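The values are calculated or read from the model by the stated rules, or taken from the named source; none is laboratory data. Here the structure is a predicted model, which means the values were calculated and not measured. Reconstructed Cβ throughout: ideal geometry from the backbone, glycine too, with neighbour counts over all protein chains shown. With ligands, DNA and RNA removed, areas are computed over all heavy atoms of the protein, side chains included. Shrake-Rupley method; radii C 1.70, N 1.55, O 1.52, S 1.80 Å.
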Amino acid sequence: MPAAEHKHPNYIAIWIYLALLTALELTVALLHFLPRNWLVIALLFLAVWKALLVALYFMHLKFEPRRLVVTIMAPLPLAVILVLAVLREYAK
Amino acid sequence: MAHAAAPPDAAPAVATHESPAGTLGVYTQKLGMWVFLTSEVMFFTALIGSYIILRWGSATEWPDPTKTLAIGITALNTFILICSSVSMVKAYAAAVHDDQSGLKRWLLTTVVAGATFVGIQFVEYRNLLHEGFTPSSGLFGSTFYAMTGFHGFHVTCGVIAMAYVTLRAFRGKYAGGKYEGIETIGLYWHFVDLVWIILFTIVYLI
């Protein structure tokens with residue numbers, strides 16, 4: 001029963017995926033081929049993408065009961081509101 | 001003797017071990033760790049929010065982090081932390097399958113990788129301080145040391161906790177498929193990795 005309950009995704013594939021995204025991040029950040037605003041958006045997008053991979057597969061959120069996922073997602077809208085509010089106020 | 005006897009509460013009439021009623025379908029330690037981690041989300045969001053205010057509200061020109069900071073060695077450190085997350089999930093998988101030698105090997109790998117991260121961060125700090133970049137060197141200095149310092153503190157706590165878990169693993173405390181302790185510390189470890197992924201982008205690359 002436990003083996004069936006614990007789904008193990010291909011961790012090595014996720015690791016390679018994360019390594020490739022990190023390499024892409026460095027390329028985008030250091031080669032400066034994007035305009036400043038697009039650079040920031042691209043880097044944030046890649047960071048969130050990597051963070052999602054860690055949360056979904058390494059922290060097994062993809063395989064948790066929906067009730068737990070909904071409960072622990074509660075602070076995320078608050079975090080987004082805080083960041084967007086200060087960005088709107090201060091970003092030039 | 002070879003296999004641990006079924007715990008008394010695992011009677012067939014009871015729902016599975018992992019879905020007791022009233023705990024969101026997970027065991028208590030895991031739920032407790034997740035609740036703690038959600039509060040940690042707000043802790044780091046507060047730091048990031050302050051960083052945005054100080055950086056974009058700053059009257060003076062903000063230094064280019066990719067020129068001030070050592071990106072190469074920090075990128076390597078990022079990769080080391082990602083590797084330690086992989087060894088952590090490998091340890092968890094080994095614990096679930098009661099592979100004791102695999103569990104000890106992967107836990108040790110995780111402790112060594114985590115300690116390496118802290119060591120490299122220490123060297124990075126030493127070099128930056130030597131170059132005159134200190135917490136008192138303006139807003140960039142203070143926000144840089146506050147954000148990476150709090151994260152480094154979390155990694156250090158994780159390494160200490162992980163060393164304790166590894167010691168317990170060597171004493172056979174997780175034998176018989178008792179994976180809960182490994183999964184719970186693993187959640188903390190992956191969260192610290194996740195926060196670094198965000199901080200590395202915000203502090204070092206943007």
Point to revise | Search result, residues across region B:192-206 that are more than 7 Å from chain A (Cβ to nearest Cβ), more than 21 Å from B:Ile160 (Cβ to Cβ) and open to solvent by less than 10 Å² (accessible area, probe 1.4 Å) | key: B:Phe200, B:Val203, B:Tyr204
**Study point:** Tabulated pairs, region B:26-46, first at the interface with chain A (Cβ under 8 Å from one of its Cβ atoms) and farther than 15 Å from B:Phe150 by Cα, second assigned to a helix (DSSP H, G or I) and open to solvent by less than 30 Å² (accessible area, probe 1.4 Å), C-beta under 6 angstrom, 6+ apart or interchain
**Key:** B:Val26/A:Leu68; B:Trp34/A:Ile72; B:Thr38/A:Ile72; B:Thr38/A:Pro75
Point to revise | Residue in region A:65-77 that is most open to solvent (accessible area, probe 1.4 Å), counting only those that are in a loop (DSSP other than H, G, I, E, B) and at the interface with chain B (Cβ under 7 Å from one of its Cβ atoms) | key: A:Ala74
Check your understanding: Going by the conditions given, is B:Thr143 under 14 Å from the mean Cα position of the chain (by Cα) and assigned to a helix (DSSP H, G or I)?
Key -> no
Review point. What are the pairs, 6+ residues apart or on separate chains, where a residue within region B:49-76 that is more than 9 Å from every other protein chain (Cβ to nearest Cβ) has its Cβ under 7 Å from a residue that is not in a helix (DSSP H, G or I)?
Key: B:Thr68/B:Phe133
Review point. Among A:Leu30, A:Leu43, which is the only one that is among the aliphatic types (A, V, I, L, M), facing chain B (nearest Cβ under 7 Å), surrounded by fewer than 16 Cβ atoms within 10 Å (Cβ to Cβ) and in contact with a helix residue (DSSP H, G or I) (Cβ under 8 Å, 6 or more places away or on another chain)?
Key: A:Leu30
Revision key, fill the gap. Among residues of region B:137-167 being open to solvent by 50 Å² or more (accessible area, probe 1.4 Å) and in contact with a helix residue (DSSP H, G or I) (Cβ under 7 Å, 6 or more places away or on another chain), the residue farthest from B:Ile52 (Cα to Cα) is B:Thr156
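Residues checked against (1) touching a Leu at 6+ places or on another chain (Cβ under 8 Å); (2) assigned to a helix (DSSP H, G or I):
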{"site": "B:Ala163", "(1), (2)": "no, yes"}
{"site": "B:Thr166", "(1), (2)": "yes, yes"}
{"site": "B:Lys178", "(1), (2)": "no, no"}
{"site": "B:Ile182", "(1), (2)": "yes, yes"}
{"site": "B:Trp189", "(1), (2)": "no, yes"}
{"site": "B:Asp193", "(1), (2)": "yes, yes"}
{"site": "B:Ile198", "(1), (2)": "no, yes"}
Point to revise | Test: residue in region A:46-64 that is over 15 Å from the mean Cα position of the chain (by Cα) and either part of a helix (DSSP H, G or I) or farther than 17 Å from B:Val41 by Cα (or both) | key: yes
